[in-house]
Amino acid sequence: MEKIDKIAAQKAVDDNNITLWMSVTGNSARKLPAFLLDAGWADTGGIICCVHDDDMLSTGHDLFGYSISFEDTTSQRSKVVHVTTDLLIQGALVDPLLSRYSVLILQECHLRTIQIDVILGLLKKILKRRDDLRLLVSAATPECLDFISAYLPESRIISLETSTYPVDLHHTLSDIHNYMDTALETVLSSIGANSTGITAMFMPTQDGKRVYKELHGAPRFVESTAKLGFAFCLIDWMHLEHHILDSGTYDYVIVTSLPAELIARRVPVSTVIDSGFQELVFSRYGYAKMTKIVPVSQETANLRARIGGLTGSGKCFRLFTASTFEKLEKFELPEIWRLPLDHCILQLKSLGIDNTLRFDYPSPPPSAAVAEAMDRLALLGAIDSETRLTKPFGEQAAQLPLNPLHAMLLISSLEQGCFEQIATIIAVWLTKGEFFDHENSLPFIAQEGDALTWLNIYEGFVKAGPTRIAWCRKYSLDERRLSRAVHVRQQLLRILERRGIMAPKTELATSTTIRKCIAFVYKQNYASQAPDGSYRTANRSLTVKVHPSSVLYNRKGKWIVFEDTLENDGELFIKNLSTIEEEWMNS
């Protein structure tokens, strides 16, 4: 895979305040801290900080620590720390110049998340006041590096890794109407007497499922694919490498909608089949998540092709024409243009940046999106009529590693006497996934909805003590996710304590108290039931349906409040529901 030149890396940091380099798999970014530690960048008390966009695993060494949303293993001995983007921004609240760090390594900037863009804007300001700070930025695409180089003109792009091998690129000669059939034909035509190695086939989830089913079991493919292994890789990609190695089959086809760099990080890909489409999450109405199938950008298409040449000469079959490629957008659409900005604005205001429109974003967000986020924060009570953080609610919410709704819910529960229960419900929400089978978990189901059902399940899980695994098996529950919820809740209480937000001991809150608290915060998420069983939201009169995972699915409830939304095939589903009374809506 990718290799890194240790001497070149050390010299780059010595000579440049801002260094940019390409890393497709992230391999170099994982090795850089040790190289910089050897070069003495932590000898005078400064810390080498690796910034990730998501949670990562511990290195298992006391000189290395990590700090993620709900876990912190750093100590006074830590010379290298790994933190999430969110927690680096949190750190700037108490240390605006990030003075404890001598080197910051910002990884995977090609993802262009909102948090990455905010950090780039903050660091651009900080670097003007700190000549001693070194910033290293990695991205998986040269297009992203060119973009960041223009944004940070003092930066220097260097090569720290060995060059990739050549990739034989193929386009279709004409436009095709059904790329799934073409993908199947391409797989079969590429299988010859010689070994094909690992093939990564990139296409949207539902189309990928159909192609995988055809390849894996259709009679017309059985003989042709008898020596092939198959994997349909969506969420559980961390187990992909073991799945392939344990199969004993070298020739393998991975059908996936995941980013190319995640696949390349786990397995050596030699052949790529690119449908030319991808799934991106957009926001509707400020809260509804909508996954849309859209054409890839040139940046993404080139990255998909590039992973075929990381370990040897490769091939890439694009299921679109060369002229279609030239018409694609050059860059990927950043999150800041397609997702809600509530959390971003709350963090910027907590850093003293009141005029968030004038903040130097790498890609400025639409002014309408900023205005809509301000309206939602005002409705929450997080900002006042002059768009300043309210005291204490807005200031406290900005200090928590939670989205504004969860933060305000937790803070409101302190006043309404249901903190213990709300902390549990939020911990369960944060761990995601479906925890229970409705039929086997019937003893825990609450008629008032999902929040109280999860509360019952969590409390039963905790009471089970050392018999938790057997208890979960009895009720068809996910032991790992419930254990994670316990851990998240514990860490959440510690974070509150460190922030000086004291949680008083409360008596057992009633169902009414808990649901009133949720309804008070989620004012924009009320919905009333229509005669046909669907619901209409109170604020926009949108028709929504109860998600099948909810305990209120196919049940009646005149008014409900929902915590999450999901759009699928043009229909809007609501999740994490609680029944409420109409008179609560005006309280």
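Computed from the coordinates by the stated procedures, all read-outs in this text should not be read as laboratory data. Since the model is a prediction, treat every value here as computed from it, not as a measurement. Cβ placement follows ideal geometry from the backbone for every residue including glycine, while neighbour counts extend to all protein chains displayed.
Pairs from the table (128/327; 31/349; 289/523; 213/330) lying more than 30 angstrom apart at Cα are 128/327; 31/349; 213/330. Between residue 368 and residue 582, what's the calculated FRET efficiency when r is the beta-carbon distance and R0 is 22 Å? Round to 0.05. My answer for the efficiency is 0.10. Taking every DSSP beta bridge that has both ends in the chain, the antiparallel portion is near 35%. Projected over every direction and averaged, the convex hull enclosing the alpha-carbon atoms of the stretch 400-587 yields 11.1 nm². Length gained on full extension, residue 324 to residue 403: 24.5 nm, using 0.36 nm per residue less the C-alpha separation. Here's how it looks for residue 157: its modeled amide H is under 5 Å from those of 20, which are all 5 or more places away or on a different chain. Compute the distance in nm between two label points, each set 7 Å from the Cα along the Cα-to-Cβ direction, one at residue 442 and one at residue 499. If labels sit at residue 442 and residue 499, their model points lie 4.2 nm apart. You can think of it this way: the chain between residue 156 and residue 545 has 134.9 nm of extra reach, that is 0.36 nm per residue less the Cα-Cα gap. Straight-line reach from residue 545: taking Cα to Cα under 14 Å and skipping same-chain neighbours fewer than 8 places apart, the aspartates and glutamates in range are 532, 563, 564, 567, 569, 571. Dividing the alpha-carbon radius of gyration of the chain by the rule-of-thumb value 2.2 N^0.38 Å gives 1.02. Once the Cβ-Cβ distance between residue 553 and residue 177 is put in as r, and R0 is 35 Å, what FRET efficiency do you end up with, to the nearest 0.05? Working from the Cβ atoms, E equals 0.40. Between residue 284 and residue 11, the modelled labels are 5.5 nm apart [label points 7 Å from Cα along Cα→Cβ]. Projecting the Cα atoms of 416, 442, 548 onto the charge dipole of the chain, computed from C-beta unit charges around the Cα centre, puts 416 farthest toward the positive end.
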